1. Failed condition for S151, given (1) surrounded by fewer than 21 Cβ atoms within 10 Å (Cβ to Cβ); (2) free of Cβ contacts under 8 Å to residues at least 60 places away in the same chain, with all others met?
2. Please specify each residue of the stretch 72-88 satisfying the condition of being part of a strand (DSSP E or B) and surrounded by 15 or more Cβ atoms within 10 Å (Cβ to Cβ).
3. Which is β-branched (V, I, T), farther than 17 Å from Y179 by Cβ, in contact with a strand residue (DSSP E or B) (Cβ under 7 Å, 6 or more places away or on another chain) and part of a loop (DSSP other than H, G, I, E, B), of T130, T140?
4. Is it the case that the stretch 89-97 has a residue that's surrounded by 19 or more Cβ atoms within 10 Å (Cβ to Cβ), more than 21 Å from T218 (Cβ to Cβ), at pLDDT 95 or above and in contact with a helix residue (DSSP H, G or I) (Cβ under 6 Å, 6 or more places away or on another chain)?
5. Just checking, which of G102, G120 is small (G, A, S), part of a loop (DSSP other than H, G, I, E, B) and under 18 Å from G214 (Cα atoms)?
6. Given V190, V202, which one is in contact (Cβ under 8 Å) with a residue 12 or more places away in the chain and β-branched (V, I, T)?
7. Return yes when F211 is over 27 Å from the mean Cα position of the chain (by Cα), outside any loop (DSSP other than H, G, I, E, B) and modelled with pLDDT of 95 or more and no when it is not.
8. Give the residue that is nearest to W116 (Cα to Cα), with candidates limited to residues of the stretch 175-232 that are aromatic (F, W, Y) and surrounded by fewer than 24 Cβ atoms within 10 Å (Cβ to Cβ).
Amino acid sequence: MGRRVRRGWWAAGTGAAALVLVVALLLADALWPPGMDGAASTAGPPATGPCARLNAGEVAYPAHDAGRVTFATAAAYSESRVRITGCARTARGYVQEWQATGFAGVSGFAPPGKMWEDTGYSPAGSFTFTEALGRADPGTALEYHTINRRSRWGGEHGPTYNQYFEGRGGAADENLWRYLREGHYEQAAVINWNREPDMPTVQGASFAIFFHTGNTVTVGCISTDLDTVTALLRTAVPGDRIIMGVERDVFAAPAASPAATSGPPPAGL
């Protein structure tokens, strides 16, 4: 009985119901907040992971479309422990190849303007790889220096400052043979801080900044395990980059966001 009554009411009132529906849709459109269109509901979650954030434009330092970009990031200033992530560029953007842990300088990453000799800081910014050194070439496309007893890295102020050379060396020059035997330079990629091609060399602005083995706190380098360094060297070509620093400085909101313009400008190249 009740069902027949409802069906009869609907049949008789179809036109009125349609009119009510149209009015409801018009009111909903008028009350919908500006900017709340259908696109907003389809937005995905924020990018996560260094490679995804690089694709999303959420990295403050430039990658310059390098074939491979390695990230070394710490949670805070004065923190030496770092997360290291290797990203390779593909047709779909950068994808993660590997991830490891390691260490930066004993003082952590340098605040802007504080990178200098004997501070224990690691530099922050975006830097290229063009050279490498170690016990034996693992098959890298980087210019490779096989360390011998006369191998030095220039620390004395002068023409060899922050350069590889062979000779007796001075008190401030690093004895690469010694550090190789201690396990630190079994393999190493040179980070082009304070040297060409990334920047002119400034005497005293720190030297011998490497991505090397040893997996221990350093005086300015990035140190991790031998397998990770070897993997990086075997795939690296001149111009590949390392982006390094404190997470809050390295990762930023997309450039179009007002949040991206807040805070100090990034250091590095």
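The values are calculated or read from the model by the stated rules, or taken from the named source; none is laboratory data. Not measured: the values here are computed from a predicted model. A quick note on method: Cβ atoms are made from the backbone with ideal geometry, for glycine too, and the neighbour counts reach across all protein chains shown.
1. Going through the list (1) surrounded by fewer than 21 Cβ atoms within 10 Å (Cβ to Cβ); (2) free of Cβ contacts under 8 Å to residues at least 60 places away in the same chain, S151 breaks only (1).
2. Taking the stretch 72-88 and keeping what is part of a strand (DSSP E or B), we get 72-74, 81-88.
Scanning the stretch 72-88 gives A72, T73, A74, V82, R83, I84, T85, G86, C87, A88.
3. Values: T130 fails: part of a loop (DSSP other than H, G, I, E, B).
Checking each option against the conditions leaves just T140.
4. Residues of the stretch 89-97 surrounded by 19 or more Cβ atoms within 10 Å (Cβ to Cβ): 94.
Remaining after also requiring more than 21 Å from T218 (Cβ to Cβ): 94.
Then keep just the ones that are at pLDDT 95 or above; that gives 94.
Those left that are additionally in contact with a helix residue (DSSP H, G or I) (Cβ under 6 Å, 6 or more places away or on another chain): 94.
Checking the stretch 89-97: at least one residue is surrounded by 19 or more Cβ atoms within 10 Å (Cβ to Cβ), more than 21 Å from T218 (Cβ to Cβ), at pLDDT 95 or above and in contact with a helix residue (DSSP H, G or I) (Cβ under 6 Å, 6 or more places away or on another chain).
5. Numbers: G102 fails: part of a loop (DSSP other than H, G, I, E, B).
Exactly one of G102, G120 is small (G, A, S), part of a loop (DSSP other than H, G, I, E, B) and under 18 Å from G214 (Cα atoms), namely G120.
6. Details: V202 fails: in contact (Cβ under 8 Å) with a residue 12 or more places away in the chain.
So the residue among V190, V202 that is in contact (Cβ under 8 Å) with a residue 12 or more places away in the chain and β-branched (V, I, T) is V190.
7. On the way: over 27 Å from the mean Cα position of the chain (by Cα): no; outside any loop (DSSP other than H, G, I, E, B): yes; modelled with pLDDT of 95 or more: yes.
Considered against the rule, which asks whether it is over 27 Å from the mean Cα position of the chain (by Cα), outside any loop (DSSP other than H, G, I, E, B) and modelled with pLDDT of 95 or more, F211 comes out as no.
8. Narrowing the stretch 175-232 to residues aromatic (F, W, Y): 177, 179, 185, 193, 207, 210-211.
Next, only the ones that are surrounded by fewer than 24 Cβ atoms within 10 Å (Cβ to Cβ) stay: 177, 179.
Working: W177: 24, Y179: 21 Å.
Filtering first and then ranking leaves Y179.
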